[in-house]
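Everything below concerns the one structure shown next.
The values are calculated or read from the model by the stated rules, or taken from the named source; none is laboratory data. Remember, predicted model here, so these are calculated numbers, not experimental data. Positions of Cβ are generated from backbone atoms using ideal geometry, with glycine treated the same way; all protein chains shown enter the neighbour counts. Surface accessibility is based on the protein's heavy atoms, side chains included, excluding ligands, DNA and RNA. Shrake-Rupley method; radii C 1.70, N 1.55, O 1.52, S 1.80 Å.
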Amino acid sequence: MTKKILLGMALVASLAACTDDYKDWLTPQVVDQPEKVSFGDGSVTTVGVIDLNSITDENVKVCTITAPTASKEGFDPIYTITIGDDTYGISADGAIPASFLQASIVDMYGNCRPVERDIQAIVSMWLSNGLTTVKTATSAPFTIKVIPKAPVIESAYYLTGSINGWDNTDMTYKLTNDGSDPYDNPTFKLRIPATEDGSNIEFKMTPESGIGGDWSGCLAASSEEGKFNYNNDGGNFVITADPDALFYDITFNMLDQTWSATPVGFNEFIYEIGNESGWSEPHPLHGDGSGLYTAVIYLDGEFKFKPNKDNWDGDWEKASGDATGGTLTPDGGPNVDAAAPGFYYIKVDLREMTYALTPVSSISIIGSVRGAWDTDVDMTYNEMLKCWEARETLNAGEFKFRLNHDWAINWGGTMDNLTQDGANLQLPADGPYIIRLYLSDEAPAHCIVKEDNGYPDFFYEIGNEGGWSTSHALRGNGSGVYQGYYYLDGEFKFKPNADNWDDDLEYVDGTAMGGTLQSSGGPNCPDPGAGFYQINLDLTSLTYNLVQIEAIGIIGGFNGWGGDVDMAYNKDAGCWEATTTIDADTELKFRANHDWAINWGGEANDLTQDGANLIVGAGTYKFQLFLSYQGNHHVVITKQ
């Protein structure tokens, strides 16, 4: 900063950052003994801890000045205070503008977190007759203790409003910064979908500590446009519907107390499709709202991009370039050149209509969790879970993910929203961990970190139904319990590996529907009879049991939730099938044995036990329900 001397209080500069009129005041603090330093033959005495959150006047007293003797006739004393590189005017009673004190804290500490800060200062006395000014005394350095003005900022806030039924227990719409200190980065963001009927969206923001409580701590709209208040002091925020918006990007600056909502016209996803899947499976690239889309995808041959998952409308082909990069056109053209088999980091910029591919030689974890930021832990691709995975014993500390042992492409931020160059992630304690990184599904890049208790993700059933050649995955819950749904026909057994028989489990005793197991060799599990079964395996007790699935049906609002549309098992396709007509938009689920004990709902591509109802519009549909397909349940719904 440029050093300056301000001899008149009228020369006070405008307020610095973090000095708005906040409402969320902290309790003032005090110190027992003030500090007293020499000042010529006078003294300067500090006044204890100054809490700027409780200051309502423009000026704040920072010390008591006992003036040195002034000996020049016709000269008046003027006082200054030097803090860091800046010198300000200070009144004879030791007061300076509160804004100067606030700005000094931000300059020295980089933020205005509301904790006690120490500021070193020096007071000087000058004598002036209006033409000549002479410094006559300077104090020894002394410490001013200050709590800067700022609200208490929580780590997350949740939208509560018309799009989630004003349910402030709902945590669907989470507002966060990039995971760094909120006083370093007070900008919190959230993307929400536009309403299907084009209506306005009203909401408030519930702090994390207020989820499930009353509304007293919510952020509310100020009467001043684009501003908000803490402590539910105001009305609802309103986003006026934009007919072209697919999403709205909501931004809150927790220090400026400002907010905005920007309509977004870019789709949340675009899709790659190509030879690697026989041109049958689109792979999502997640967008950042600006037209930039990224993902890590396995390629093998030619490919192209398209805006919609379920149709080819408006797809993009190559205008120029090759398999490594080029330009795109929506006007028809050849596929992008064949890529060699392998994983690629793909970046598509729809603003410039360009694409670029970076071959993936490694994806790794790096950070102090390995002791230092100089060693990568390489991850492997888990084909069943469609993620990059590492099982490793790590230290408490910080970490990030990066591509090809280089920082050009790296991911950080928060566990559920990883971004390029995002903040370091935190591991809370030493121990063995499973870390899974998802870089290509219909969600932002994200990771899951959990303790590794030694149980594998999957165990496998193998038996006569597949000629003892096909392993069927049973998915684990992380604590030694596994489940899957498969057709059985004859004897069978269990094993930990899909591709070998090492450490397989055989039958000890029980019935055809369940029993105990051992790993020391023994007979196969007995034939339960040809049919479809829920298979349950518990490694903690070395037991298994079967539940026969005699029927699976579709039930919902279209049939009054009172009668199942039975599905037929297609053994060749490995799914349950039914075709039915639905007269109006409806909710529906799938269930077994005409009973709710076993039922599936949620998302069509990720069905779970007791999941939410699915929503289907009017029409005639073919439903194909795949249970335990690569460990997951999903349904394919095809309009006829």
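Couple of notes before you dig in:
- Length gained when the stretch Glu451-Val115 is fully extended (0.36 nm per residue, less Cα-Cα span): 117.5 nm
- Accessible-area order (highest first, 1.4 angstrom probe) of the listed residues Ile615, Ile297: Ile615, Ile297
- With θ taken as phi - 60° and the Karplus curve 6.51 cos²θ - 1.76 cosθ + 1.60 applied, the whole-hertz 3J(HN,Hα) list for region 609-618 is 4, 6, x, 5, 5, 8, 10, 10, x, 5 Hz, x standing for glycine and proline.
- Rough spin-label spacing in nm, given labels placed 7 Å along Cα→Cβ, for Gln609 and Glu224: 5.4 nm
- Trp166 long-range amide H proximity, modeled H, under 5 Å: Gly161
- Start at zero, step by 10 Å, and the Cα-Cα distances of the chain spread as 3, 12, 16, 20, 18, 12, 8, 6, 3, 2, 0, 0 percent across the bins.
- Relative protection proxy for 516-529, 228-241, from highest mean packing down: 228-241, 516-529 (other beta-carbon atoms within 10 angstrom).
- Gap separating the Cα centres of region 190-226 and region 270-332, nearest whole Å: 36 Å
- Hypothetical label at Ile637: residues of region 579-597 whose amide nitrogen lies under 11 Å (7 Å Cα-Cβ projection): 582, 585-590
- Share of carbon and sulfur in the accessible heavy-atom surface of the chain [1.4 Å probe, %]: 47 percent
- Inter-label distance, nm, simple model (7 Å from Cα along the C-beta direction), Asp184/Asp288: 1.9 nm
- With a Cα cut-off of under 23 Å and a minimum spacing of 8 residues unless on different chains, the lysine pairs in region 483-640 number 7.
- Zone of Asn593's modelled label, taken as backbone nitrogen in region 507-546 under 12 Å from a point 7 Å along Cα→Cβ: 533-535, 546
- Calculated [222 nm] ellipticity per residue, helices only, for the chain: -500 deg cm²/dmol; basis is -39500 (n - 2.57) per DSSP H run with n ≥ 4, divided by all residues, nearest 500.
- Applied to region 37-44, the Karplus parametrisation 6.51 cos²θ - 1.76 cosθ + 1.60 on θ = phi - 60° returns per-residue 3J(HN,Hα) values of 10, 6, 8, x, 9, x, 7, 10 Hz, with x for Gly and Pro.
- Rolled with a 1.4 Å probe across the full set of protein chains, the surface gives Glu268 an accessible area near 50 Å².
- Take each peptide in 476-485, 207-216, count the other Cβ atoms within 10 Å of every residue, and average; sorted highest first, the result is 476-485, 207-216.
- R0 of 30 Å, Cβ-Cβ distance Gln548-Asp300: FRET efficiency to nearest 0.05: 0.15
- ³J(HN,Hα) computed for each position of region 632-640 - Karplus, 6.51 cos²θ - 1.76 cosθ + 1.60, integer Hz, glycine/proline x: 10, 10, 8, 10, 9, 10, 10, 6, 8
- Counted residue by residue at 0.36 nm each, then reduced by the alpha carbon distance between them, the extension gain from Asp583 to Asp41 reaches 185.6 nm.
- Stretched out straight at 0.36 nm per residue, the stretch from Trp407 to Tyr569 would grow longer than its current Cα-Cα span by 53.3 nm.
- Cα-based helix-to-principal-axis angle, 98-109 vs the chain, degrees rounded to 10: 50 degrees
- With every protein chain in place and a 1.4 angstrom probe, the accessible-area ranking of Asp51, Asp376, largest first, reads Asp376, Asp51.
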